[in-house]
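What follows is a short report on a single structure.
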Amino acid sequence: MNKLSVVIPLHDHIDSIERALNSVLNQYEKVDEIIVVDDGSTDGSLEFIQSYSCYNLKLIEQPGLGVAAALNKGVASARNAHVAFLDPADTWLPFFTLEMKKLEQQHPHLNIFASRYQFVDSHQNPADAKIRLPSANPNGFLLSSFYDANKRNDLPFVISSMLISKARFEKLGGFPIGNGIDAQRDFLLKILERSEVLYSPNIHVHHQMKVNENTDNSKLSAFFSLRLFGLMNGLPLNSVLTQSKTNYKKGWQL
């Protein structure tokens, strides 16, 4: 995979930003550049980033212009051809960037790649998103006419579980300014309507959202999915077993 920049929009997430950053630093396939765009935080988030020790972290400040503007500014400042996003309340599981690399190697002519995700509650307990997958191919598949067939379900991916080329991002017009919290959803729907997406049904991201229930089945499916993904990609068995067990206990497993 070409070198990757990740953009993190930040506004008053002092309780979760360290967890999000650590999930980037703990990737099996390392990220080249981390861009945090602070959007006028007042809860200590900005001061935390200013004191955070990370050689490849770039901090950009803006005066409360909104998350869409923060994301767009982050992409504009990225030095690499591909960018990913991470909501400061979300976490990447350890093999997210490796999965993106695998998808890109399969179809280098494409410019958007994404994976499935799980919701997590305030205690980081996971629950499966309601996604009716057209395929369970662990090597990925092209999403086609997905939205029309799944209007009553959750979107197949969130901004924290996708990778896009800067060129394609700019052609799509970036995140729409002035749409508030709907900016991210609107951008994802634009992608699904206008672009080919190579999609992995494997779960590589935990997305923060309130859910009504949590089941052990969600935890176990994520636990075994992580182990399977690692073994399929030739990762050391001891590393896969140790990491999957650790993540399962922490509650942010694949």
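For L189, the requirement of being touching a helix residue (DSSP H, G or I) at 6+ places or on another chain (Cβ under 9 Å), modelled with pLDDT of 50 or more, assigned to a helix (DSSP H, G or I) and under 21 Å from L143 (Cβ atoms) is met.
Among the residues of the stretch 104-137, the ones that are more than 23 Å from D90 (Cα to Cα) and surrounded by fewer than 16 Cβ atoms within 10 Å (Cβ to Cβ) come to 8 in all. Every condition in (1) touching a Leu at 6+ places or on another chain (Cβ under 9 Å); (2) part of a loop (DSSP other than H, G, I, E, B) holds for Q124 except the one numbered (1). For the stretch 1-48, the set of residues classified as touching a strand residue (DSSP E or B) at 6+ places or on another chain (Cβ under 7 Å) and among the β-branched types (V, I, T) consists of V6, V7, I8, I17, V24, V31, I34, I35, V36, V37, listed by residue number.
Filtered by the rule that a residue be closer than 17 Å to A89 by Cα, exposed (fewer than 15 other Cβ atoms within 10 Å of the Cβ) and charged (D, E, K, R), the stretch 29-51 gives a lone residue, D43.
Could you tell me whether any residue of the stretch 65-80 is in a loop (DSSP other than H, G, I, E, B), small (G, A, S) and surrounded by fewer than 19 Cβ atoms within 10 Å (Cβ to Cβ)? No, there is no match, as no residue in the stretch 65-80 is in a loop (DSSP other than H, G, I, E, B), small (G, A, S) and surrounded by fewer than 19 Cβ atoms within 10 Å (Cβ to Cβ).
The values are calculated or read from the model by the stated rules, or taken from the named source; none is laboratory data. Since the model is a prediction, treat every value here as computed from it, not as a measurement. Don't worry about glycine lacking a Cβ; one is built from the backbone with ideal geometry, like all the others, and counts go over all protein chains shown.
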